[in-house]
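The values are calculated or read from the model by the stated rules, or taken from the named source; none is laboratory data. Owing to the predicted nature of the structure, the values given are computational and were not obtained by experimental measurement. Cβ placement follows ideal geometry from the backbone for every residue including glycine, while neighbour counts extend to all protein chains displayed.
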Amino acid sequence: MAKRLLFFTLLALALGLSVELAGRHTWRLDVTAQQTNTLSPAAAQALDNLPAALEVAAYVPDFAVQRAEIERLFEVYRQHRADTRLQFIDPVARPDLARSAGVDTHGELHLRSGQRQEVVKRASAQAIDAALNRLARRGERWIVSLRGHGEAEPDASPGGLGSLVDALEARGYGVVALDPRQLDRFPDNTAVVLAAAPMDAYDEHSQQLLRAYLDTGGALFWLADQTLPSLGEA
């Protein structure tokens, strides 16, 4: 019993870490002829889900090259959401504003939407996307445990994942069991989808649902017993 509890505690830590990594690393591929920057699907979805206009305060000294690079980074966000506002504040000329905002280093970006705020310490597309994802989260973050294909149930039944659920809830996540055959899309506050050792292959609708979720930057944690049922061709 002690070993089983330890296993599920460690698994909960791994699952929680996968959620955080998924939020921090949103990869993009630019295949345009000019290799110009493009907006990732996950970032576009985050912008659409923001509660209010995106306001960005860039605490950058009056260095033309550095400011031009930040302008270039935010151009694709402005194209997707026209009410995005970018303001430069020189922390050297206005140290009072930098202090009041809690700025630690030159180059910090403070992103605000309504009453929510995120800080990017070093400007990059990946860091901005991750901050947008955090800004866009609404309410409790869910771990969606799939059911209907012989998966382990997230409860205290024999073979269930009760200890895992307890450990995840202690870390601030809600755990819900949903049958993908009955969904059109995963809930917007889904942090990660858990496939807990499914015994049967997923049907075509469930495969399409999972592929669409992954294509928009979603995270899937697959707990396998022996084999991995196929999701088909991506």
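Some observations on this one:
- Residue selected from the stretch 189-214 under the condition part of a loop (DSSP other than H, G, I, E, B) and of a type outside the set (A, V, I, L, M, F, W, C), by the criterion nearest to the chain's Cα centre (by Cα): Asn189
- So Ala52, is it touching a residue at least 24 places away in the same chain (Cβ under 8 Å), more than 27 Å from Pro95 (Cα to Cα) and either part of a helix (DSSP H, G or I) or in contact with a strand residue (DSSP E or B) (Cβ under 8 Å, 6 or more places away or on another chain) (or both): yes
- Any hit, the stretch 153-168, residues being at pLDDT 85 or above and within 24 Å of the chain's Cα centre (by Cα): no
- The lone criterion from (1) at pLDDT 85 or above; (2) under 18 Å from the mean Cα position of the chain (by Cα); (3) assigned to a helix (DSSP H, G or I) left unmet by Phe186 is number (3).
- All told, Thr36 falls short of being modelled with pLDDT under 95 and buried (at least 16 other Cβ atoms within 10 Å of the Cβ).
- Strands (runs of 3 or more DSSP E) wholly inside the stretch 60-140 containing at least 1 residues that are in contact (Cβ under 8 Å) with a residue 40 or more places away in the chain and not aromatic (Phe, Trp, Tyr): 108-113, 116-120
- Filtering the stretch 128-140 to residues that are surrounded by 19 or more Cβ atoms within 10 Å (Cβ to Cβ) and not β-branched (Val, Ile, Thr) leaves Asp129, Ala130, Ala131, Leu132, Asn133, Leu135, Ala136.
- Residue match in the stretch 105-114 (condition: among the aliphatic types (A, V, I, L, M) and buried (at least 19 other Cβ atoms within 10 Å of the Cβ)): yes
- Selection count, the stretch 166-218, where residues are of a type in the set (A, V, I, L, M, F, W, C), under 27 Å from Ser40 (Cα atoms) and in contact with a helix residue (DSSP H, G or I) (Cβ under 8 Å, 6 or more places away or on another chain): 8
- Any hit, the stretch 174-182, residues being hydrophobic (A, V, I, L, M, F, W, C), modelled with pLDDT of 90 or more and in a loop (DSSP other than H, G, I, E, B): no
- Looking at Ala58, Ala98, Ala82, Ala93, just one residue is more than 19 Å from Ala127 (Cβ to Cβ), assigned by TED's automatic domain parsing to the domain that holds Ala46 and in contact with a strand residue (DSSP E or B) (Cβ under 8 Å, 6 or more places away or on another chain), and that residue is Ala98.
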